[in-house]
Amino acid sequence: MIEEVTIPQSESPCAQPGGGGPLTYAFDRSEFWRTIPTWRDVDTETFGDFRWQQRNSVTSIQGIQEALGELARPALIADIEAGLLKTPMNVRLTPYIFSRIHWGNVEADPVRRQFLPLGSQFVPDHPHVMDDSLAEDSNKATPHLTHRYPDKALFLPITLCPVYCSFCTRSRVVGGSTAVKSKSTYGAKSNEWDATFEYIRSRPELEDIVISGGDALLLRPSQIRQIGTTLLEIPTVRRIRFATKGLAIMPMKFTSDIEWVEALGEVCQLGRERMKEVALHTHFNTDREITAWTSSAMKALSETGVRVRNQSVLISGVNDGFDCLHYTSKKLSSLLVQPYYVYLHDMVPGCEHLRTTVDRAEYLSRRLQGSIAGFNTPRVVCDAPGGGGKREISSYTLYDREIGVSAWTSPTAKPGEIFYYYDPIHRLPEDGQALWANEAEIKRRLAKFKAEAMAKAEATRH
């Protein structure tokens, strides 16, 4: 049995470095939501109902003001309003994750930074940002399926989420239109998936299917059964993964939506009968998102037999320190959540203030190696812009730290191509920032870099 004790938010290693002694895994079981004025009188049973969480999600400036009451400082509200005019993502937070924000230090809070934009913190987009940084749309095999890797495909049956993350790589399609981005989002429509299933049947090399979106948490139980059963009954499909942030932002879904968990359990049982893996991939970025509610959710999930893995995004001011990544990984491991990936932030618009450098990611990767058992050490990767796929963070072909550009190859997924990732300009050394301010000089420097990268890639092929 996991011991669950209260830990003040200010003591989190994601807020300040931890000590050198043995780690203890504390899970906040306090009624922390009562610090939010509008939920002061909400009891544990009500707060733990997923339907209440969905109905009371905060989705607007007015909703933020109503929830915070006297905590809603006019300057803070104005700053959030300014941020919403610059971001491609809408606001949607469950009461659970809204309550995990430390509103006494909101500007620096790592949970707030992920979900609520402040206009004062934005910096101009890099000249090379892309709406579809991972080239998912250009690799679509059907309207709902992206096929980029030889043996794996990405099934996107929905573009809705229970929360909207400021750093979302699919901000071009997820979460509804904003002041800077027009979108056509869609809910899950089972009658539109036949072409996807037929394509997978026709491609025997496809062994691994990821069901994402949006968020698989918002699929109905009947749709979980439909997708899971259909895919597992295809002889050549060996593994399926449901991708959801639900464990991090609404863990009570797994303890109060019995029908949904039973549907997942039935899919897992079918997987065991067929000797096929059913996994749930979730998304925690800091230990502040892990509470006693998470522990209860994982207990419910472990009984289904589903394997749970975590994928984080490396975000400046959130988890770009060793203490945070290390402790979060260890704490997740203690709940049978396997740390799987830490992604370098994708090059999507409206996120420049959240991105960090390849150099920083490399440093963190080196620190993590050897600090945790190998199977619980997350792989730090760059999802190479333009569709190169996930590359180990130190596997670049060439890296110029002064101008912050790295070159990557993907011999299996995209043979013969070179992909380029650009560090945020404001995090470069002064000389590098000066080069980007000189259009002619940076053009010359980039041309030189790309010629060297092409020559090195060509030499490697032989």
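The values are calculated or read from the model by the stated rules, or taken from the named source; none is laboratory data. In this text, all values refer to a predicted model and were calculated from it rather than measured experimentally. Note that each Cβ is placed from the backbone with ideal geometry, even for glycine, and that neighbours are counted across all protein chains shown.
Look at segment 32-47 and say how many of its residues are in contact with a helix residue (DSSP H, G or I) (Cβ under 6 Å, 6 or more places away or on another chain) and either at pLDDT below 95 or not β-branched (Val, Ile, Thr) (or both).
The total comes to 6.
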Margin query: All but one of (1) crowded, with 19+ Cβ neighbours inside 10 Å; (2) at pLDDT below 95; (3) touching a helix residue (DSSP H, G or I) at 6+ places or on another chain (Cβ under 9 Å) hold for residue 95; state the number of the condition that does not hold.
Written below: (2)
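Quick check on this structure: which one of 279, 292 is at pLDDT 95 or above, more than 27 Å from residue 30 (Cα to Cα), of a type outside the set (D, E, K, R) and in contact with a Lys or Arg (Cβ under 9 Å, 6 or more places away or on another chain)? I'd like the intermediate steps shown before the answer.
On the way: 292 fails: more than 27 Å from residue 30 (Cα to Cα).
Every option except 279 fails the conditions.
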Checklist line | Selection from segment 277-294 of residues that are closer than 23 Å to residue 238 by Cα and of a type in the set (Gly, Ala, Ser) | finding: 279
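Quick check, is residue 461 among the basic types (Lys, Arg), over 14 Å from residue 344 (Cα atoms) and without any contact (Cβ under 8 Å) to a residue 60 or more places away in the chain?
Numbers: among the basic types (Lys, Arg): yes; over 14 Å from residue 344 (Cα atoms): yes; without any contact (Cβ under 8 Å) to a residue 60 or more places away in the chain: yes.
It is true that residue 461 is among the basic types (Lys, Arg), over 14 Å from residue 344 (Cα atoms) and without any contact (Cβ under 8 Å) to a residue 60 or more places away in the chain.
Provide a single number: the residues in segment 333-372 that are more than 27 Å from residue 125 (Cα to Cα) and in contact with a helix residue (DSSP H, G or I) (Cβ under 8 Å, 6 or more places away or on another chain).
Here is the first cut: in segment 333-372, the ones more than 27 Å from residue 125 (Cα to Cα) are 333-340, 366-372.
Among the residues that remain, those that are also in contact with a helix residue (DSSP H, G or I) (Cβ under 8 Å, 6 or more places away or on another chain) are: 333, 335-339, 367-368, 371-372.
Residues flagged as more than 27 Å from residue 125 (Cα to Cα) and in contact with a helix residue (DSSP H, G or I) (Cβ under 8 Å, 6 or more places away or on another chain) within segment 333-372 amount to 10.
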Note to self: Looking at residue 415 and the list (1) touching a Ser or Thr at 6+ places or on another chain (Cβ under 6 Å); (2) in a strand (DSSP E or B); (3) farther than 21 Å from residue 113 by Cβ, which single condition is not satisfied?
What the structure shows: (1)
Margin query: Tell me yes or no: at least one residue of segment 145-162 is over 23 Å from residue 312 (Cα atoms), in contact with a Gly (Cβ under 9 Å, 6 or more places away or on another chain), at pLDDT below 95 and of a type in the set (D, E, K, R).
Written below: no
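Within the bounds of segment 214-236, is there any residue that is buried (at least 17 other Cβ atoms within 10 Å of the Cβ) and in a strand (DSSP E or B)?
No, there is no match, as no residue in segment 214-236 is buried (at least 17 other Cβ atoms within 10 Å of the Cβ) and in a strand (DSSP E or B).
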